[in-house]
C-alpha cells in the first residue's frame, strides 16, 4: 500500500532523458487501488540518487499533473520492458493491500 510522502515528478520524456544520459536509476511499482472488476493498478516510482520521482503524464491537467496508473498487463509489463531499470519486477497482486482495500478474507477456499 502506498505511504503518504512527498515525491518529485517525472514524465516519460524525463525517463527517456535519464536513459539517454546513462543515469543510474531504479524503479518500483506501488499498488494503489483496484479497478471495478478487481484488477490491480500501480504507480511507477523512479529513484535517482536519494530522490524519488513519481511518473506523471506529460500534459498538465486543469488541477495539476496526473499520476500515471498502470494495469498489470499490458501496461506495467510493457512500461518496465521499455523504461525500467533492467531488474525483474516484484509487485503486490493483492488489491486488498491497496489504499482503501477491504482487508477482507485472504481468499483461501475450503
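Restricted to region 80-90, and to residues there that are closer than 15 Å to residue 31 by Cβ and surrounded by 15 or more Cβ atoms within 10 Å (Cβ to Cβ), the residue that is modelled with the highest pLDDT is 80. The sole residue among 17, 37, 50, 22 that is closer than 20 Å to residue 91 by Cα and without any contact (Cβ under 8 Å) to a residue 60 or more places away in the chain is 37.
The values are calculated or read from the model by the stated rules, or taken from the named source; none is laboratory data. Just so we're clear, the structure is a prediction, and the values are computed from it rather than from any experiment. For neighbour counting, all protein chains shown are included, and Cβ atoms are generated from backbone atoms with ideal geometry for every residue, glycine included.
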